[in-house]
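One structure below.
Since every read-out is calculated from the coordinates, none of them should be taken as a lab result. Source: prediction; values computed, not measured. Using ideal geometry, Cβ is built from the backbone for each residue, glycine included, and neighbour counts are taken over all protein chains shown.
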Amino acid sequence: KAGVTQTPRYLIKTRGQQVTLSCSPISGHRSVSWYQQTPGQGLQFLFEYFSETQRNKGNFPGRFSGRQFSNSRSEMNVSTLELGDSALYLCASSFSMTGGNTEAFFGQGTRLTVV
Amino acid sequence: SQQGEEDPQALSIQEGENATMNCSYKTSINNLQWYRQNSGRGLVHLILIRSNEREKHSGRLRVTLDTSKKSSSLLITASRAADTASYFCATDLNQAGTALIFGKGTTLSVSS
């Protein structure tokens, strides 16, 4: 079974630009979550999508957005990039059974550098 | 904001020794999970303990949960150099366990 695939692995963007990151979940998983990891703030939850709907949202500005497609693949977009957006962006997928208590499977991440 | 706080922030031990990491959280939970991350790569799920469980084992891992103290501990027995990594506890925003709130992590270094 293929794991969670994130593309691209590395990205360098200029301040003010926008960026789109992609995540392909494990086959059969309907939940996709996104996380930002920085040395200062650690791992922070961005948002979660389930069946093409945003189900949960973290405390990030509106410049951070996402979507999920009918095949469960997800994209996140960051507009008007700031230097502080430089981070490792992690995507996780989960089967999300009724009743919960399921583990999340993480991709290798996209390392975004804003210059 | 972080839900959990791990303690210690960093731990250095010799191969063969045991490593204990602690995690405290703030709100009521459905479950608590532990993850490992090797050198800035993706996280790997280690173990999940439900709120009605007090202890769980998986190989060389032992996790305890004290909901009255809102704390958990992860014990790695007979550590190996390959256990060198950062370890995070995580609680969930929703019952599905798909919106995880992580602590800042413990960086474990195991030397041979």
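What the table shows:
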| item | result |
| --- | --- |
| Average beta carbon contacts from partner chains per residue of A:44-53, 10 Å cutoff | 3 |
| Peptide B:34-47, shielding by other chains (average Cβ, 10 Å cutoff) | 4 |
| Cα-centred dipole magnitude for the protein assembly as shown, charges only on beta-carbon of K, R (+1) and D, E (-1), debye, nearest 20 | 400 |
| Inter-centroid distance (Cα atoms) of the range A:1-22 relative to the range A:28-60, Å | 15 |
| Inter-probe distance in nm under a simple model that places probes 7 Å from Cα toward Cβ, at A:Asn59 and A:Val115 | 3.3 |
| DSSP beta bridge pairing in the protein assembly as shown, given as percent antiparallel to the nearest 5 | 90 |
| Around B:Arg50: net Lys/Arg minus Asp/Glu count, Cβ-Cβ under 14 Å | -3 |
| About the Cα centre, charge dipole magnitude for chain A (Lys/Arg +1, Asp/Glu -1 at Cβ), debye | 160 |
| Separation in nanometres of the label points that stand 7 Å from Cα toward Cβ, at B:Asn38 and A:Lys13 | 2.9 |
